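Peer 1: This is the structure, below, for whatever I ask next.
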Amino acid sequence: MPHRSLEAIFANNRRWADALKAEQPDFFKTLAEQQAPDYLWIGCADSRVPANEIMGLLPGEVFVHRNVANVVVHTDFNCLSVIQYAVDVLKVRHIIVTGHYGCGGVSAALENRTMGLIDNWLRNIKDVYTHHQHLFDHLDSHEACDLLCELNVCEQVDHVCHTTIVQDAWKRGQPLTVHGLVYSLEDGVLHDLSVNVSAMEEIPTIYRMYNDQEIFDRLPSRRRRLPQDPEPS
Ligand code: CO
């Protein structure tokens, strides 16, 4: 790939902005006033996995958090703040955790070499491997990397669901589904891992921050039947 100067980037930017304005004259003006994305994308920082382009979405349509190997750690205030803002303020309806085959972070986690500070971050992925170690028997290194890319997404979906942010949203009846996808660098295709979590009952009891009765009592259909509730005016 040729090296691009900063001037070339500015020139590209003007062409892109002009083309969008030619198509929709109010595009940037409308967008500057508000964003209302339906999706939060949590993906890898890898330059080959750009959220908007892959999903065919315009600016304003997806809120994005990216880090090395799309990891969600419960003490990462950066990631948690993105999730909180997306869920509580923007009211996104879908959180999409997307991994990708051939992920450098995942493949490094399968090895024993050291690369510096990032080793500590990749330890989270070694944990995913350890949780499912028996599945890796008899796989070659390529197959092992693909499998760990997929399992890593599933585990990070769980982590998103275990946050108080997502559970608070479910508790107040806000529609919110957490999905797991994996992207193929080789053909540009997104694959659904069939991991879709949209309710408290779908996560293990130990991770639930509210008991079933509390949730039940807050369901709109249940509340309508409570005698102390005032009649809607
Ligand atoms: Co990656």
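Peer 1: Would you confirm, using the coordinates I've provided, whether Leu185 is part of a loop (DSSP other than H, G, I, E, B), modelled with pLDDT of 95 or more, touching a strand residue (DSSP E or B) at 6+ places or on another chain (Cβ under 9 Å) and surrounded by 11 or more Cβ atoms within 10 Å (Cβ to Cβ)?
Peer 2: yes
Peer 1: When the range 30-70 is examined, which residues are found to be of a type in the set (Val, Ile, Thr), more than 16 Å from the ligand (Cβ to nearest atom) and within 16 Å of the chain's Cα centre (by Cα)?
Peer 2: Once the filter is applied, which keeps residues that are of a type in the set (Val, Ile, Thr), more than 16 Å from the ligand (Cβ to nearest atom) and within 16 Å of the chain's Cα centre (by Cα), the range 30-70 yields only Val62.
Peer 1: Sticking with this structure for a sec: Mind listing whichever residues of the range 86-107 are in contact with a Leu (Cβ under 9 Å, 6 or more places away or on another chain) and away from the ligand (no atom under 16 Å from the Cβ)?
Peer 2: Ala86, Val87, Leu90, Lys91, Val92, Arg93, His94, Ile95
Peer 1: Look at Leu139 and say whether it is crowded, with 16+ Cβ neighbours inside 10 Å and either at pLDDT 95 or above or closer than 29 Å to Asp88 by Cβ (or both).
Peer 2: Here the answer is no, as Leu139 does not meet what is asked.
Peer 1: Is there a residue in the range 146-153 that is more than 22 Å from His74 (Cα to Cα) and either among the hydrophobic types (A, V, I, L, M, F, W, C) or modelled with pLDDT of 95 or more (or both)?
Peer 2: For the range 146-153, residues more than 22 Å from His74 (Cα to Cα) and either among the hydrophobic types (A, V, I, L, M, F, W, C) or modelled with pLDDT of 95 or more (or both): present.
Peer 1: Turning to a different aspect of this structure: Suppose we keep only residues that are of a type in the set (D, E, K, R) and surrounded by fewer than 16 Cβ atoms within 10 Å (Cβ to Cβ) within the range 27-72. Which one would you say is modelled with the lowest pLDDT?
Peer 2: Among those that are of a type in the set (D, E, K, R) and surrounded by fewer than 16 Cβ atoms within 10 Å (Cβ to Cβ), it is Glu33.
Peer 1: I've got another one for you. Please find, within the range 129-145, the residue that is farthest from the chain's Cα centre (by Cα) out of those that are closer than 20 Å to Leu185 by Cβ and in a helix (DSSP H, G or I).
Peer 2: Of everything passing the filter in the range 129-145, Ser141 is farthest from the chain's Cα centre (by Cα).
Peer 1: So which residues in the range 189-216 are more than 18 Å from the chain's Cα centre (by Cα), loosely packed, with under 13 Cβ neighbours inside 10 Å and not acidic (Asp, Glu)?
Peer 2: Residues satisfying the conditions are Pro204, Thr205, Ile206, Asn211, Gln213, Phe216.
The values are calculated or read from the model by the stated rules, or taken from the named source; none is laboratory data. None of the values given here were measured: they were computed from a predicted structure. Heads up, the Cβs are rebuilt from the backbone with ideal geometry, glycines too, and the neighbour counts pull from every protein chain shown.
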